[in-house]
1. In degrees, nearest 10, range 0 to 90: what is the angle between the Cα axis of helix 114-127 and the longest Cα principal axis of the chain?
2. Among Thr139, Thr68, Thr129, determine the one that fluctuates most according to a GNM of the chain built with springs between C-alpha atoms less than 10 Å apart.
3. May I ask you to derive the relative contact order of segment 6-80, considering only C-alpha pairs under 8 Å and at least 6 residues apart, and to give it as an integer percent?
4. Any of Lys14/Lys267; Lys107/Lys153; Lys14/Lys52; Lys28/Lys54; Lys192/Lys280; Lys267/Lys305 with alpha carbons more than 20 Å apart? Name them for me.
5. Please work out how much length the chain gains when fully extended from Gln250 to Glu79, using 0.36 nm per residue of separation minus the C-alpha to C-alpha distance, in nm with one decimal.
6. Would you mind calculating the relative contact order of the chain from Cα pairs under 8 angstrom and at least 6 residues apart, reporting the percent as a whole number?
7. Nearest 10 degrees is fine. How inclined is helix 223-232 to the longest principal axis of the chain, computing both from alpha carbons?
8. Picking from Pro131, Pro191, Pro249, which is most flexible by a Gaussian network model of the chain using Cα springs under 10 Å?
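Values in this text are rule-based calculations from the coordinates and carry no lab data. This one's a predicted model, so the numbers in the text were calculated from it and none came from an experiment. Please note: Cβ atoms are built from the backbone with ideal geometry, for glycine as well, and neighbour counts cover all protein chains shown.
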Amino acid sequence: MKERVTYPINVVAKLTGLSSHLIRAWEKRYSAIEPARTDSNRRVYDERSVEKLKLLKLLTAKGYSIGTIANLEAPRLRELLGSPEHHHLIPLMEPKNEGDVVQRCLKAVSEFDSQKLETELVRSSLQFTVPEMFDKVITPLMHRLGEQWRLGKSRPAHEHLATETIKKFMWSVQSCHSIHSAAPVIVVASPKNQVHDLGAFMLAFVASSEGWRTVFLGSNLPAEDIAAAALRVNAKAIALSIVYPDDDPQLSSDIQKLGILVPNTIKIILGGQSVYGYKKEIDNIGGIISNNMTALRNVMHGIRKG
């Protein structure tokens, strides 16, 4: 007989994007799930519990009270997540074919259908972990849209619709993160001449999912403002997103200036599509290049451990 796969609570927290504290609260207060116990009395959770927690996370982000939905079965929870326009159900398990997911997202964007795009993102969040979703769905989607725009195959409006829909979706998921008041602080921004802020927004989201308090400053900020904010909030790290171009002399200067303005105790993390164009400057200031979300989580975990 096939052995049932189970996960400890720290793994479930990473798979669902919920804090261990919140999982325990939903379990004890609302009997949302019932974990098994190991011989040493440790909680372990099966795949059905993990999927139910993901569904509960998405529904509470949409405004449902956990008390009213905690005892519903997974089919009913998926029904509540269905599109109000089409009343279709979001399947619990689908093949993990990220290429198909990206293609469906691109089609939704081309049709200016933000509802359809959001539905695809919800489906993805049920199938992929947070780092997988960024690395396999959202990042490739935005790269493809950028390529289409440069080739004249799409309009800026397409990219704007995708950006705002993705940000709305991430905000709804981020609201489930429970951040301790004593958590380390990270300042997140896009530096001077970087007008796109989705990359920075994604950095902030991952930081929050890792238990950091995030100060999100937006886009096109000079080094002086970023440094001032980091010093004011006693930040442990700064994360910057660099999208385009990869050869801006003003940005090269600002990266080096930032390294001078903040002490070595504040780690500077840089990511984004064009980050390697500034590798020399980043190396000079002792910065850390992290060009995918899985790597970013590892970097942030290392900084937090000290």
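1. In the chain, helix 114-127 runs at an angle near 70 degrees to the longest axis.
2. Result: Thr68 has the largest fluctuation of those listed.
3. Values: 70 pairs, mean separation 23.8, N = 75.
Worked out over segment 6-80, it gives 32 percent.
4. On the way: Lys14/Lys267 24 Å; Lys107/Lys153 13 Å; Lys14/Lys52 14 Å; Lys28/Lys54 17 Å; Lys192/Lys280 18 Å; Lys267/Lys305 13 Å.
From Lys14/Lys267; Lys107/Lys153; Lys14/Lys52; Lys28/Lys54; Lys192/Lys280; Lys267/Lys305, over 20 Å: Lys14/Lys267.
5. Details: separation 171, 0.36 × 171 = 61.56 nm, distance 5.12 nm.
Additional length available on full extension: 56.4 nm.
6. Details: 455 pairs, mean separation 39.4, N = 306.
Computed value for the chain: 13 percent relative contact order.
7. That works out to roughly 50 degrees.
8. Result: Pro249 has the largest fluctuation of those listed.
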